[in-house]
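Below: one structure, written as structure tokens.
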Amino acid sequence: MAIKKYFADADTTITNAFKANLMTRGVSGNMGLSDILEVFSIFGQANSASSELSRILVKFPVSDIVSDRASGIIPASGSVTWKLNLYNARHSSTVPKNFTLTVSAVSSSWNEGYGLDMEEYSDIGTANWNVAVSSSSGTSSWVSAGGDYHASPKYTQFFEDGIENLTVDVTSLVEQWIAGTKNNYGFGVALSSSLETAFQSYYTKKFFARGTEFFFKRPTLEAKWNSVRKDNRGTFYASSSLASAQDNLNTIYLYNVVRGQLKNIPSIGTGSIYVRIYTDSTGSQTISAAPNNPVTGGWYSTGIYTASFALNTTSSQVFDRWFNSSLTTCFYTGSIDIVNLDAQDYNVTNNYVVSLVNAKPYYDSTEQARFRFFIRSKDWNPTIYNVATSEVPTQIIESASYKIIRNSDNLEVIPYDTSSLLSTGLSYDVSGSYFDLDMNLLEPDYMYSIKLKFYDATTNTWKEQKETFKFRVEKNES
């Protein structure tokens, strides 16, 4: 799982716009329960010098993020990207073009409020343009009308057509909230200062608020990271002069499963673990050509350890044994089939047949599901040995990505990420390629489809596979 979304727990629009009489400003109006958020600048409506502004406040449950990081759900700082997502709401009014929105950190607390009226601003309450907080103990006004904001960090996004979604990398600010170096009072979204003071109107940009009926249009703070795990136990290459030192490296993993759960090895914890390579399973014949024998491995995540090394051998099979630092306790002995790297006298064109081997008719909305795939070359011709054996080996794809589509309207709810982040990348191990998905990301009671893209190194392109894999998500009623 390399995507986690947190939904806004408070949002509102604040404005100093005139009411319909063009005499009274709606500075006391609150719109905390509206299903729309709005940014605009209106120049010269009441008189030749009048200016009206609207800004957005939106806040997320950073305490949940802190808890998820402590439990290992979210990676450490530096390994995850945070993006603020607001989704465009179409409307019949004029949409501004060629403008810039600024995202800032709000510097003081505010109430969401219960207002709904975005026309006459008749629902009086806080937060509003002048007042941030009201309670039984009194009210607290903004230091500056229109909200208080930190000078940095500050983020911007340019809108050309005006109907784009807002997607801004806010990693630096979120990490400050998590670390506690800044208090979490949420984001402020507004037109850039030069546009707010410009002698022209930018009316009106609307986004869906957290109260919208549309599941995938709610404001989100989205964590993305690369969780691709490349376990070469099923594609372990012997060292070759055809490959660079980096390409000759192979990585293998040890999964310590105790009563169905991944658990750290007590005597290792999160420390180093050591691997020796042998030509026999009993450990009597060590391969002296293995570098740094034993190889020093390390902790990857709870219950998972890893080691990387190149191996210069002519053996067709070797055995890996995992030890403590004194090499007196062997925790595990595994086997590795060796593959030899060969050059070709032609440029290979790869076409594949893919199947989902662990498909279920439906998935619970609270489930962390794993989708595992069997892949073979389209023109694969089995040998007599392959036909005679019950298990056909799956082909490993070094770089692959998935996307999720809602079938009812063909909406891409999780698009491909083929960037260097590869948050939708497929991992692989000796059993083939797979990815993990948090079903909480998907709206229950709908059918969805999975599509895959494989990277073709010979053409330096991503190629979408023809297969489509369907599944349904149902709400957990327990």
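Apart from one condition, Ser135 fits all of (1) touching a strand residue (DSSP E or B) at 6+ places or on another chain (Cβ under 8 Å); (2) modelled with pLDDT under 95; the exception is (1).
Would you please name the residue that is nearest to Ser54 (Cα to Cα), looking only at residues in the stretch 179-221 that are touching a Ser or Thr at 6+ places or on another chain (Cβ under 7 Å) and assigned to a helix (DSSP H, G or I)? It comes out as Glu196. Evaluation of Ser326 against the conditions (1) under 25 Å from Leu242 (Cα atoms); (2) among the small types (Gly, Ala, Ser); (3) exposed (fewer than 13 other Cβ atoms within 10 Å of the Cβ) shows that the sole unmet condition is (1). Residue count for the stretch 441-478 under the criterion of being part of a strand (DSSP E or B) and out of contact with any Phe, Trp or Tyr (no Cβ under 8 Å at 6 or more places or on another chain): the result is 2. Scanning the stretch 77-94 for residues that are β-branched (Val, Ile, Thr) and modelled with pLDDT of 95 or more, we see that the one that is nearest to Asp161 (Cα to Cα) is Thr81. Looking only at residues in the stretch 99-116 that are of a type in the set (A, V, I, L, M, F, W, C) and in a loop (DSSP other than H, G, I, E, B), the one that is farthest from the chain's Cα centre (by Cα) is Leu116. Is there a residue being under 15 Å from Thr15 (Cβ atoms), in the same structural domain as Ile74 (by TED's automatic domain parsing) and crowded, with 18+ Cβ neighbours inside 10 Å anywhere in the stretch 143-159? Scanning the stretch 143-159, I find at least one residue that is under 15 Å from Thr15 (Cβ atoms), in the same structural domain as Ile74 (by TED's automatic domain parsing) and crowded, with 18+ Cβ neighbours inside 10 Å, so the answer is yes.
Restricting attention to strands (runs of 3 or more DSSP E) lying wholly within the stretch 241-302, give those where 2 or more residues are within 23 Å of Ile74 (Cα to Cα), out of contact with any Cys (no Cβ under 7 Å at 6 or more places or on another chain) and of a type outside the set (Ser, Thr, Tyr).
Working: elements: 250-255, 273-278, 295-301.
Answer list for the stretch 241-302: 295-301.
Of all residues being crowded, with 18+ Cβ neighbours inside 10 Å and not small (Gly, Ala, Ser) in the stretch 6-17, which is farthest from Gly188 (Cα to Cα)? Just the residue, please.
First, the residues of the stretch 6-17 that are crowded, with 18+ Cβ neighbours inside 10 Å: 6, 8, 10-17.
Applying the additional criterion that residues be not small (Gly, Ala, Ser) yields 6, 11-16.
Values: Tyr6: 17, Asp11: 10, Thr12: 10, Thr13: 10, Ile14: 10, Thr15: 13, Asn16: 15 Å.
Checking each candidate, the answer is Tyr6.
Every residue, every condition in (1) in the same structural domain as Thr286 (by TED's automatic domain parsing); (2) over 30 Å from Glu474 (Cβ atoms); (3) at pLDDT 95 or above, yes or no:
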site: Cys330; (1), (2), (3): yes, yes, yes
site: Thr366; (1), (2), (3): no, no, no
site: Thr383; (1), (2), (3): no, yes, no
site: Thr389; (1), (2), (3): no, yes, no
site: Arg406; (1), (2), (3): no, no, yes
site: Ser420; (1), (2), (3): no, yes, no
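Before we move on, is Gly72 assigned by TED's automatic domain parsing to the domain that holds Asp169, without any contact (Cβ under 8 Å) to a residue 24 or more places away in the chain, under 27 Å from the mean Cα position of the chain (by Cα) and at positive phi?
On the way: assigned by TED's automatic domain parsing to the domain that holds Asp169: yes; without any contact (Cβ under 8 Å) to a residue 24 or more places away in the chain: no; under 27 Å from the mean Cα position of the chain (by Cα): yes; at positive phi: yes.
Taking the combined requirement at face value, the residue does not satisfy it.
The values are calculated or read from the model by the stated rules, or taken from the named source; none is laboratory data. Please read these numbers as outputs of a predicted model, since none were measured by experiment. Note that we place each Cβ from the backbone using ideal geometry, even for glycine, and neighbour counts take in every protein chain shown.
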